[in-house]
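S.K.: Starting off with a structure, shown below.
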Number of protein chains: 2
Amino acid sequence: MDISTRETSLTVGEAAERVGLTTYTLRWYEQEGLVAPVGRDSAGRRRYTESDVNWLFLLTRLRRTGMPVRDMRRYAELARQGDRTLGARRALFEAHRRRVLARMAELEEDLKVLDHKIDAYRRAEEELA
Amino acid sequence: MDISTRETSLTVGEAAERVGLTTYTLRWYEQEGLVAPVGRDSAGRRRYTESDVNWLFLLTRLRRTGMPVRDMRRYAELARQGDRTLGARRALFEAHRRRVLARMAELEEDLKVLDHKIDAYRRAEEELA
DNA sequence: GGTTGACTTCGAGTGCCCTCGAACTGGAAG
DNA sequence: CTTCCAGTTCGAGGGCACTCGAAGTCAACC
């Protein structure tokens, strides 16, 4: 393999490590249409480009914020249709952004419950001490 | 049924509505040991007390913050052992609190990615306009 | 006293997201 | 040239947290 290929493309294992997913998951994402078919070398092995890796990274953030795989697939389909879906993709992100904010607000509420509980335990422990 | 019972105890359906879970889930939680066996009326139907409902509410907050059912069970077991596990329960909550904080920090990072992406889409749309 | 509707138990089924085993292939190192 | 490792496909399996269907019971209302 030539130098330029070596410098810009990664095997499935390398890509997996970069983005923090397993090789199983990477292949599965591709199969599920979350990732466009990845290029192959002469032996039929996947070669991930920079932009493949960037895309995967974005997917991990979407996933981590609780976006279902189904929605990620919809997003991937939009992205594959090019510029004419820019608005739709932005809308998708804006809607998701609102969900993430709501989730964060929930967590803050829940944190309060946790803190109250911790406090109650602390006081109860002092009672018994 | 007498008035005091009517005022302080709820059927599984009522309890479910109060805490935002289904009747299925409430029974399943009990079966899984997340809830101590609930009192029954003369016909064998569950009657949830105030404190049952409070406990269930707490469980929903733990669940919502991502605590696995397995850990909730462990917590429930500790609670059933009385005062001598106060320290352990507090430690459990403190550890969980740290996880929630970490999760919130993650979400904030992810929100940044989302915002950058939204911005990029906005600019790309303007390019095309 | 019959109908309705919410309850009971039990085990099976569902949806989501991976995760893995099996059988095979091909390039690289010794 | 053999050994080894990382890759390939395919379909099956697994963990988690519910969710439901079936068959039955019981209290309440008309």
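S.K.: If the elastic network links every pair of Cα atoms under 10 Å, which of A:108, A:94, A:77 fluctuates the most in the Gaussian network model of chain A?
M.R.: Among A:108, A:94, A:77, the largest mean-square fluctuation in the Gaussian network model of chain A belongs to A:108.
S.K.: Dipole of the stretch B:41-125 (Lys/Arg Cβ +1, Asp/Glu Cβ -1, origin at the Cα centre): which of B:91, B:116, B:43 lies farthest to the positive side?
M.R.: After comparing all options, I get B:43.
S.K.: Could you compute how fast chain A diffuses translationally, taking Rh as the Kirkwood radius over C-alpha pairs and applying Stokes-Einstein at 20 °C with viscosity 1.002 mPa s? Give it in µm² per second.
M.R.: 121 µm²/s
S.K.: So which GluC sites (Glu not before Pro) in the stretch A:29-67 are both in a DSSP loop and have at most 14 other Cβ atoms within 10 Å of their Cβ?
M.R.: Sparse-neighbourhood loop GluC sites (Glu not before Pro): A:32.
S.K.: Arrange A:57, B:93 by Cβ neighbour counts within 10 Å, fewest through most, would you?
M.R.: So the residues, fewest neighbours to most, are A:57, B:93.
S.K.: Taking 0.36 nm per residue of sequence separation and subtracting the Cα-Cα distance, how much length would be gained by fully extending the chain between residue A:31 and residue A:49, in nm to one decimal?
M.R.: Length gained, residue A:31 through residue A:49: 4.7 nm.
S.K.: Gaussian network model of chain B, Cα springs within a sub-10 Å range: biggest mean-square fluctuation belongs to which of B:110, B:52, B:83?
M.R.: Ranking B:110, B:52, B:83 by mean-square fluctuation puts B:110 first.
S.K.: Arranged by the count of other C-beta atoms within 10 angstrom, fewest first, what order do B:55, B:28 take?
M.R.: Neighbour counts put them in this order, fewest first: B:28, B:55.
S.K.: Work out, step by step, the length gained on full extension between residue A:116 and residue A:83: first 0.36 nm times the residue separation, then minus their alpha carbon distance; give nm to one decimal.
M.R.: The residue A:116-residue A:83 span can extend by a further 6.9 nm.
S.K.: Over chain A, what is the mean sequence separation of C-alpha contacts under 8 Å (at least six apart), divided by residue count, expressed as relative contact order in percent?
M.R.: Contact order relative to length: 19 percent.
S.K.: Can you give the FRET efficiency for residue B:14 and residue A:70, using 1/(1 + (r/R0)^6), R0 = 41 Å, r = Cβ-Cβ distance, to the nearest 0.05?
M.R.: 0.75
S.K.: Kindly put B:117, B:112 in sequence by how many other C-beta atoms sit within 10 Å of each C-beta, fewest to most.
M.R.: If I rank by nearby Cβ atoms, fewest first, I get B:112, B:117.
S.K.: Mind checking the mean number of beta-carbon atoms from other chains within 10 Å of the Cβ atoms in A:57-63?
M.R.: Average neighbour count from other chains, rounded to a whole number: 3.
S.K.: Describe numerically, in nm with one decimal, the distance between label points set 7 Å from Cα along Cα→Cβ at residue A:60 and at residue A:128.
M.R.: The answer from the label model is 4.3 nm.
S.K.: Can you give the relative contact order of the stretch B:34-101 as a percent, counting alpha carbon pairs under 8 Å and 6+ residues apart?
M.R.: With pairs under 8 Å counted, the relative contact order is 27 percent.
S.K.: In a GNM of chain B with a 10 Å cut-off on Cα contacts, which of B:92, B:114, B:101 has the highest mean-square fluctuation?
M.R.: Among B:92, B:114, B:101, the largest mean-square fluctuation in the Gaussian network model of chain B belongs to B:114.
The numbers here are math on the coordinates, done by the rules we state, and not lab data. None of the values given here were measured: they were computed from a predicted structure. Backbone-built Cβ (ideal geometry, glycine too); neighbour counts: all protein chains shown.
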